[in-house]
Amino acid sequence: MTSWLSRQVSVLLIIFCVLMSEQLEIPEFYIDEHEQGWCVLVGERPVKTPAGNSLVVPDPHLADIIICELQASIADKAPPGIASKLINTVIDRAAQDRPTWITSSSMQLLEDSLFIRVPEPQALRQLQDEHAKPFMQHGGLLLGSLPPPSCSLSFPEPGEAALCAAESFLCGLDDFSLLAFLGMAERCRSFLMAYGHLQGPCGIQEVGDYLLAEEIWQERLWGEDPEALDRRRNMLDDLASFSRIALLASQKQLK
């Protein structure tokens, strides 16, 4: 009995030692003010991007988020988080990819989700109009006259003047703000919502109100679907997380 117990203890000790050896020590990260922003350091050395550039961000709170992501990435042996990916991409790829980011952002206006309404019921269409109104009004200040929304699957043409105004606005953004704008526009499937949120008065709740108006309407008629609720919760969490990162990258106040 004693011999058997000793063997079991030995096995457990071996397993414990193996597990401990696999645990990675999480290094200390710091933030140092830099002439171009805030540099993330590990010890006294700057953290490097995948291309070997120093990781410098435009906002100290964004640097804090990146440090949290780096620590979690090391502890969980997982890929970097959203903020790290965005900043790494800007630092490493902006010189080559900036024209593509501008084009991709402006093209969101051609199939903007704010331009589509449900044909029926009228009450839901009116609710969509109400949720879209602040985005359309703010977008109109930049783009001029916008087409009325469509109740079919065909997107209305915003016009050459609106596209030129959108591209001119995008060209004036710095690299961090530009990629943050593209990320928000792709998540919302809307140039106008990204513009109203990141460059205007609209909060992330107003973004969710429009995107989920039809789903919530159907839920009131037919009851809750647990899977749909989980999907909606995850979508809103993702939007809120990216909104915070995008606003910090754009050096805007959090909403």
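The values are calculated or read from the model by the stated rules, or taken from the named source; none is laboratory data. Not measured: the values here are computed from a predicted model. Counting neighbours? That spans all protein chains shown, and the Cβs are built from the backbone with ideal geometry, glycine included.
Computed quantities for the displayed model
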| read-out | value |
| --- | --- |
| In segment 205-227, the residues that are loosely packed, with under 14 Cβ neighbours inside 10 Å and in a helix (DSSP H, G or I) | Q205, Q218, R220, L221, W222, P226, E227 |
| Among the residues listed as L248, L236, the single one being surrounded by 18 or more Cβ atoms within 10 Å (Cβ to Cβ) and either assigned to a helix (DSSP H, G or I) or at pLDDT below 95 (or both) | L248 |
| Top-ranked residue of segment 132-155 - restricted to ones that are hydroxyl-bearing (S, T, Y) and in a loop (DSSP other than H, G, I, E, B), ranked as farthest from M184 (Cα to Cα) | S152 |
| Given (1) out of contact with any Asp or Glu (no Cβ under 6 Å at 6 or more places or on another chain); (2) under 29 Å from Q36 (Cα atoms); (3) in a helix (DSSP H, G or I); (4) not hydroxyl-bearing (S, T, Y), index of the condition A75 fails | (2) |
| All positions within segment 78-102 that are in a helix (DSSP H, G or I) and without any contact (Cβ under 8 Å) to a residue 60 or more places away in the chain | S84, K85, N88, I91, D92, R93, A95, Q96, D97, P99, T100 |
| Residues within segment 181-197 that are surrounded by fewer than 24 Cβ atoms within 10 Å (Cβ to Cβ) and outside any helix (DSSP H, G or I), tallied | 1 |
| Failed item in (1) closer than 23 Å to D129 by Cβ; (2) touching a residue at least 60 places away in the same chain (Cβ under 8 Å); (3) under 17 Å from the mean Cα position of the chain (by Cα), with E214 passing the rest | (3) |
| Complete set of residues in segment 147-180 that are modelled with pLDDT under 95 and either crowded, with 20+ Cβ neighbours inside 10 Å or not assigned by TED's automatic domain parsing to the domain that holds L114 (or both) | P158 |
| Criterion (over 25 Å from D59 (Cβ atoms) and of a type outside the set (D, E, K, R)) met by exactly one of P201, P158 | P158 |
| Residue match in segment 108-124 (condition: more than 22 Å from the chain's Cα centre (by Cα), free of Cβ contacts under 8 Å to residues at least 24 places away in the same chain, surrounded by fewer than 19 Cβ atoms within 10 Å (Cβ to Cβ) and in a helix (DSSP H, G or I)) | yes |
